[in-house]
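What follows is a set of notes on a single structure, which appears directly below.
Every read-out reported here was derived from the displayed coordinates using simple, explicitly stated rules and does not represent laboratory data. Note that the structure is a prediction, hence the values are computed from the model and not measured. With ideal geometry, Cβ positions are generated from the backbone for all residues, glycine too; neighbour counts draw on all protein chains shown.
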């Protein structure tokens, strides 16, 4: 039993429409390849689905641009004239903008002022005043920031200097008492004590001031358990 004919009209169901497009696209691509091989024809095929999905096929012996160029020669239709005209208009517009900007820069530097009337000169003067205010404000901001930074560095330096002087003064007024250990074997005991061990460690405290030697206080041996 043969397959019935399908009415050629838009498929309303989006899912069915996409499935049909996918199947027929594969079929037409296959026919284009067969036509290229069997008939030695130059074939270029471009398709866009309703979801803007792009598909194309071009014979291996040519490319799409060459196909378009041959089409222009045969049909006499220039496909690139409109695009070229738009590109020329865009280029001319950019050239005009560039020329006006260069002219404005020269006028701000005091050049090409002869053709300006009073109102144009007044407007240029106001623009320069506004630009000068912005530059001056930025300059003062930079100076203030750098000054504050240097003040902080100088304050830190003075504070560090005062701390050093205070430490030196404290050392002179209150000499440091040192630990004297006459037994070299106590080194291991000291390590054990630092590690929390149960060893005994003996050390002797001796005053470093000369005037304390004549007093009745002698040196004392302290033992820490």
query = What is the P(r) of the stretch 1-132, as percent of Cα-Cα pairs per 5 Å bin from 0?
reply = 2, 7, 9, 10, 9, 8, 8, 7, 5, 4, 5, 7, 5, 6, 4, 1, 1, 0, 0
key: Pair residue 64, residue 163: separation of 7 Å Cα→Cβ label points (nm)   = 7.1 nm
query = Within the stretch 62-81, what residues put their amide N at less than 18 Å from the label point 7 Å along the Cα-to-Cβ vector of residue 42?
reply = 62-80
query = What is the distance, in nm, between label points placed 7 Å from the Cα along the Cα-to-Cβ direction at residue 22 and at residue 153?
reply = 6.9 nm
remark   = Assertion target for 45, 128, 165, ordered by fewest C-beta neighbours within 10 angstrom first, is 165, 128, 45
remark   = Each label sits 7 Å from Cα toward the beta-carbon; between residue 87 and residue 9 the label points are separated, in nm, by 4.6 nm
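How big, on average over all directions, is the shadow cast by the Cα convex hull of the stretch 14-77, in nm²?
On the way: hull surface 20.7 nm².
Spelled out: convex hull of the Cα atoms, projected over all directions, averaged, 5.2 nm².
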task = Could you run the Debye sum over the Cα atoms of the stretch 70-140, one equal point scatterer each and no solvent, and tell me log10 of I(q)/I(0) at q = 0.24, 0.26 Å⁻¹, two decimals?
result = -1.04, -1.10
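Round to the nearest 0.05 the FRET efficiency obtained for residue 111 and residue 136 when R0 = 22 Å and r is the Cβ-Cβ distance. Spell out each step's value before the answer.
Details: r = 23 Å, r/R0 = 1.06.
Once rounded, the FRET efficiency stands at 0.40.
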ask   = By how many nm would the segment from residue 128 to residue 52 lengthen if fully extended, with 0.36 nm per residue of separation less the alpha-carbon distance?
value = 22.1 nm
